[in-house]
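Here's the structure, in structure tokens; my notes come after.
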There are 2 protein chains.
Amino acid sequence: MIIDIHGHYTTAPKALEVWRNRQIAGIGNPAQMPRASELRIGDDELRESIEANQMRLMRERGLDMTVFSPRASFMAHHLGDFQVSSTWAAICNELCYRVSRLFPDHFIPAAMLPQSPGVDPATWVPELVKCVNEYGNVAINLNPDPSGGHWNSPPLSDRHWYPIYEKMVEYDIPAMIHVSTSCNPCFHTTGAHYLNADTTAFMQCLTSDLFSDFPTLRFVIPHGGGAVPYHWGRFRGLAQELKKPLLKDHLLDNIFFDTCVYHQPGIDLLARVIPVDNILFASEMIGAVRGIDPETGHYFDDTRRYIEAAHLDPEQRHRIYEANARRVYPRLDAALKAKDR
Amino acid sequence: MIIDIHGHYTTAPKALEVWRNRQIAGIGNPAQMPRASELRIGDDELRESIEANQMRLMRERGLDMTVFSPRASFMAHHLGDFQVSSTWAAICNELCYRVSRLFPDHFIPAAMLPQSPGVDPATWVPELVKCVNEYGNVAINLNPDPSGGHWNSPPLSDRHWYPIYEKMVEYDIPAMIHVSTSCNPCFHTTGAHYLNADTTAFMQCLTSDLFSDFPTLRFVIPHGGGAVPYHWGRFRGLAQELKKPLLKDHLLDNIFFDTCVYHQPGIDLLARVIPVDNILFASEMIGAVRGIDPETGHYFDDTRRYIEAAHLDPEQRHRIYEANARRVYPRLDAALKAKDR
């Protein structure tokens, strides 16, 4: 089977965005703040929003299962306070859960957290617990910069983040390290901020001994690892300068890269440089780059084509498509096995 | 000949750092502020610092000429006010100029600017003028984030920067877009901040029409363009979403990438994806990654080896080594031709 570990609910019914805009308007004006119960989206609407979009493309591309989380650019943790983010996270996570119930053979949820800037990460734990225990979430998305481009939280290696790591380890779930929209005019959200965050997160891990404290903690770095595989020699060299172990020993039991790289040469580099066991299939469709590549005639985000064309044997491809995901997301593996019974 | 367009004076005599530390101490304590004239470095010291380091490696690697600028991580524009940065830039630029006089066949200078955060870029112009007219500088280094990792200047496409662009166009000199040290604990200087800045600068250009306003303005994006070539499909797709022309038409008359990518797969990708006319040979030795790659037995930053091993014919290699640099740096070309006379 083929598992896409990186899908967001980018096609949610319009009512979600309308409600969110009312919520944002209510930040400065409590009288206008809508209640969560005012958002009503029926199952038919959810079904249609998926059927016509992700499900259609998954069928076309031969993908079986998507790890599905709230739209990344809409998380916007920097807006409002903890209560605002908490309500918003609960709504978005519930929608992804409902999608997973409507399409149980094709979607399994991953959670966003109410990462309001400056609050203690321990406050995010109840949402995580609910999503795992009640909604069957198999992973979380962790935003390393809840400020949206101002980068004023401590690095991921700081003890600040440990309450979340402790829960992740307890539940044996990985985190995809994924920022949200940039409110810094220097950074284009999907063209700069996302990729910068991927590179930044990797380097924060490299310079630290985080995985000595949490040997089973697992991070998935999306968008093919940002700049990391392209500069793998630089990172190997920096690790050496910093007297760290070889990257494969220092980080590769804990860090994994997805395949959201939207052209063949990029995927070829990824497959050449990064051990196959650290590559997880993903497309992030329908996301930042929705068009058709005029050079190929296919969608930029149809990443399966690149994996099929890369120099990989069937066994390696199987690991990228399925086996690695089952290993890195044990709750996904358990859910799949439960279905087979 | 082989021209390395990216060298910094990372091996300056210790007296420079000692003086700088006194200057930094003097920021809060004017009585301790040293005068520029208190820094004394003799020609013999300069000669030795180059002969034993850059010149030795250039000979070993068969490199003929280096475009030589002050140490990037020491620019630290965020420290002190304009007067502090102005004095520091003048000192560093003078040293690179003196190196170019001591080794006229092998070094030609590029200038740092006194980019104190928040000041009008017009205030940087006199240093640029002096460096071009009196010191024979052939390029500048332009820091897109003088804050050192807080990214609170306008994007490079903003009119804020136009006074510098106007002078660059008048003098027909390119800018290497190069940040300095990061004072933001989220960003490791050479492992995250440098690469992020490269990606960020490219995307700032992509989303704008800067090169319509300045058709002859030229930016060199170092470190192989950050994440850009690895994600070339993403950037092509984003340009398409934004209704911009094809990247080759939109940006590649004005943006060039250096070869500071420290492993063979990275250089192979660069050469596969980016048109040869947009690739300029560089090593940034002796810089961020000074060690020997245990996988090859050669220095990580010995980038000539990667170019030699890449799928390029001799004519393409000639463009990367020499012809492109002469085209992008016309004052370098003129200086080389003047020597030949």
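Brief remarks follow.
- Where the Cα pairs of segment B:1-149 fall when distances are cut into 10 Å bins, in %: 11, 41, 35, 12, 1, 0
- DSSP assigns beta bridges within the protein assembly as shown; of those with both partners inside it, close to 5 percent run antiparallel.
- Among beta bridges that DSSP assigns inside chain B, antiparallel share in %, nearest 5: 5
- The protein assembly as shown - charge dipole about Cα centre, Lys and Arg +1 at Cβ, Asp and Glu -1, debye rounded to 20: 180
- Note: the protein assembly as shown, Cα convex hull, 157 Å³ per residue.
- Shielding of B:298-309 by partner chains, average beta-carbon count, 10 Å: 1
- Solvent-accessible area, 1.4 Å probe, carbon plus sulfur percent, for segment A:146-280: 49
- Shown in residue order for segment B:108-117 are the 3J(HN,Hα) couplings computed by the Karplus curve 6.51 cos²θ - 1.76 cosθ + 1.60 at θ = phi - 60°: 9, x, 10, 9, 8, 10, x, 7, 4, x Hz (x for Gly and Pro).
- Shown for B:ALA36: label points 7 Å from Cα along the beta-carbon vector, and their distances to the equivalent points in the other copies, 6.3 nm in ascending order.
- Kyte-Doolittle mean at least -1.0, axial Cα span of 27 Å or more - DSSP H helices of chain B: B:82-102
- If the Kirkwood radius is taken over C-alpha pairs of chain A, then at 25 °C and 0.890 mPa s the Stokes-Einstein diffusion coefficient equals 121 µm²/s.
- Across the copies of the chain, B:ARG272 has label points (7 Å from Cα along Cα→Cβ) spaced 0.5 nm apart, shortest distance listed first.
- Placing unit charges on each Cβ (+1 for Lys and Arg, -1 for Asp and Glu) gives the protein assembly as shown a dipole about its Cα centre, and among A:PRO70, A:HIS160, B:CYS260 the Cα reaching farthest toward its positive end belongs to A:HIS160.
- Taking all protein chains as they are arranged and a probe of 1.4 Å, the heavy atoms of A:VAL18 leave approximately 80 Å² accessible to solvent.
- Taking the C-alpha atoms of segment A:153-238, convex hull volume expressed per residue in Å³: 108
- Taking each of B:LYS167/B:LYS248; A:LYS130/B:LYS243; B:LYS14/B:LYS337; B:LYS167/B:LYS339; A:LYS14/B:LYS248 in turn, the alpha-carbon distance tops 31 angstrom for A:LYS130/B:LYS243; B:LYS14/B:LYS337; A:LYS14/B:LYS248.
- A 1.4 Å probe run over the protein chains yields, for the protein assembly as shown, 35 Å² of accessible area per residue, whole-number rounding.
- For B:GLU170, label point 7 Å along C-beta direction: distances to other copies, nm: 6.6
- Separation of alpha-carbon centers, segment B:94-125 and segment A:274-326, rounded to whole Å: 46
- Global form of segment B:260-303, assessed from the alpha-carbon gyration tensor, a/c cut-off 1.5: oblate
- Solvent accessible area, Å² - A:THR190, 1.4 Å probe, full protein context: 20
- Helix-only CD estimate at 222 nm, as mean residue ellipticity for chain A, using -39500 (n - 2.57) per DSSP H run (n ≥ 4): -11500 deg cm²/dmol
- Take A:LEU57: with every protein chain present and a 1.4 Å probe, its accessible area is about 10 Å².
- Basic side chains Lys and Arg get +1 at the Cβ, acidic Asp and Glu get -1 at the Cβ, and with that the dipole of segment B:204-341 about its Cα centre reaches some 340 debye.
- Around the amide H of A:LEU280, modelled in the peptide plane, lie the amide H atoms of A:PHE257, A:ASP258, A:THR259, all under 5 Å away and 5 or more residues distant in sequence or on another chain.
- Segment A:1-153 - charge dipole about Cα centre, Lys and Arg +1 at Cβ, Asp and Glu -1, debye rounded to 20: 220
- Prolate/oblate/rounded call for segment B:229-341, Cα gyration tensor, a/c under 1.5 rounded: oblate
- Amide H contacts under 5 Å for B:PHE68: B:ILE108, B:ALA110, restricted to partners 5 or more places along the chain or on a different chain, H placed in the peptide plane at 1.01 Å from N.
- Projected area, mean over directions - segment A:125-281, Cα convex hull, nm²: 9.5
- Neighbourhood net charge (15 Å Cβ-Cβ; Lys/Arg +1, Asp/Glu -1) for B:GLU38: +3
The values are calculated or read from the model by the stated rules, or taken from the named source; none is laboratory data. Small disclaimer: the values here were computed from a predicted structure and weren't measured. Cβ coordinates were reconstructed from backbone atoms using ideal geometry, including for glycine residues, and neighbour counts include every protein chain displayed. Quick note on the areas: whole protein, heavy atoms, side chains included, nothing else; ligands and nucleic acids left out. Shrake-Rupley method; radii C 1.70, N 1.55, O 1.52, S 1.80 Å.
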